[in-house]
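Asker: A single structure is presented below for examination.
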Amino acid sequence: DIVCQVGVIVRDIDKTSRAWAKLLGIPVPAWHLTDGQDVAHTQYHGQGSPAQAKLAFFNLGQVSLELIEPVGSPSTWQEFLDQHGQGIHHIAFHIKGMDEMITRLEGLGAPLIQRGDYTGGRYAYIDGIPEFAAIIELLENF
């Protein structure tokens, strides 16, 4: 499994994108809105959710920095913002075998929080905080 991303929850994606772009000396990336429930099939704690988010990506080589502004809820993104404010939300890994990996992590005491689909793949957020001190995102591309 390869670490591919660090996700940061933000209140204002435009403002935070400009700040990161200035720091890194690169152009401000365009953000996009995630798909709605009809396409993403988002589930939060096992229930369907209309949650969406604005996403902006900074390609930093092997690892990308993902800025996430929650739009709608319930979601792991909005829950994090409400409980902790802005900050690092997750570390993401490219994997193969999503369902098997979720089962493996649940067996290690890290339950599924949220999952959904995106064009070309699917994602899952795992509550690894008690065991690993981090939320883990699994990304499986097709």
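Asker: Please specify each residue of the range 9-60 satisfying the condition of being within 16 Å of residue 119 (Cα to Cα), open to solvent by less than 80 Å² (accessible area, probe 1.4 Å), part of a helix (DSSP H, G or I) and free of Cβ contacts under 8 Å to residues at least 24 places away in the same chain.
Answerer: Result: 37, single match.
Asker: Can you confirm whether the range 21-43 contains a residue that is modelled with pLDDT of 95 or more and closer than 24 Å to residue 133 by Cβ?
Answerer: No, the range 21-43 contains no residue that is modelled with pLDDT of 95 or more and closer than 24 Å to residue 133 by Cβ.
Asker: Sticking with this one: Are any residues in the range 89-99 in a strand (DSSP E or B) and either open to solvent by 20 Å² or more (accessible area, probe 1.4 Å) or without any contact (Cβ under 8 Å) to a residue 40 or more places away in the chain (or both), and if so, which ones?
Answerer: Of everything in the range 89-99, those that are in a strand (DSSP E or B) and either open to solvent by 20 Å² or more (accessible area, probe 1.4 Å) or without any contact (Cβ under 8 Å) to a residue 40 or more places away in the chain (or both) turn out to be 91, 93, 94.
Asker: Condition check: farther than 23 Å from residue 11 by Cβ, surrounded by fewer than 20 Cβ atoms within 10 Å (Cβ to Cβ) and of a type in the set (S, T, N, Q). Does residue 86 satisfy that?
Answerer: Spelling it out, it is not the case that residue 86 is farther than 23 Å from residue 11 by Cβ, surrounded by fewer than 20 Cβ atoms within 10 Å (Cβ to Cβ) and of a type in the set (S, T, N, Q).
Asker: Quick one: is residue 107 surrounded by fewer than 17 Cβ atoms within 10 Å (Cβ to Cβ) and at positive phi?
Answerer: So residue 107 does not fit the description; no.
Asker: Quick test for you: out of 126, 102, 135, 95, pick the one residue that is in contact with a strand residue (DSSP E or B) (Cβ under 8 Å, 6 or more places away or on another chain) and within 28 Å of residue 14 (Cβ to Cβ).
Answerer: After applying the criteria, what remains is 135.
Asker: Anything in the range 124-135 that is open to solvent by 20 Å² or more (accessible area, probe 1.4 Å) and either of a type in the set (S, T, N, Q) or part of a strand (DSSP E or B) (or both)? List them, or say none.
Answerer: 127, 134
The values are calculated or read from the model by the stated rules, or taken from the named source; none is laboratory data. Keep in mind it's a predicted model, so treat the numbers as computed, not measured. With ideal geometry, Cβ positions are generated from the backbone for all residues, glycine too; neighbour counts draw on all protein chains shown. Just so you know, the surface numbers come from the protein's heavy atoms only, side chains and all, with ligands and any DNA or RNA stripped out. Shrake-Rupley method; radii C 1.70, N 1.55, O 1.52, S 1.80 Å.
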